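Encoded as structure tokens, the structure appears first; notes follow it.
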Amino acid sequence: MNSASEHGATNAPEPRVRWPYVVTILGALLIVGFLVWIMHEYTQPAPLGQNRAAERAKALAELRAYESDQLNNVGWIDPAKGIVRLRIQDAMKIVEQQWGKNPAAARSNLISRVEAANPPPPKPAPSVFE
């Protein structure tokens, strides 16, 4: 018989041998945690000051006022092409009237207005490699 099996020894390490592993693992975790904390602090943007927050609020209010004006008032978009901006309610009434009377004419009118407002892009010059 083997002498180790005679004394009831197992392959498990003794409790004294486990402590260096535990300390090493905890140390590695603490180092990684410290590095994560440092990177978190390093990558945080500076807080907004009161003056910057006021500027942003003012810009947002101006943008919303401009959008409201554009949606609720009529105006010229391109006078040379005869393109106007209508209120949504007025545009819907005109569409209902045109499509209710003659859908085919309304469709062709719509297509012609879209083509006038959005001309096709110019054709590119032929390549020297063709």
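Structural remarks
- Number of the exception - A4 against (1) exposed (fewer than 10 other Cβ atoms within 10 Å of the Cβ); (2) at pLDDT below 85: (1)
- Here the condition is being surrounded by 10 or more Cβ atoms within 10 Å (Cβ to Cβ), out of contact with any Asp or Glu (no Cβ under 6 Å at 6 or more places or on another chain) and outside any helix (DSSP H, G or I); of V128, V84, it holds for V84 alone.
The values are calculated or read from the model by the stated rules, or taken from the named source; none is laboratory data. Given the structure is predicted, the values throughout are model-derived calculations rather than measurements. Using ideal geometry, Cβ is built from the backbone for each residue, glycine included, and neighbour counts are taken over all protein chains shown.
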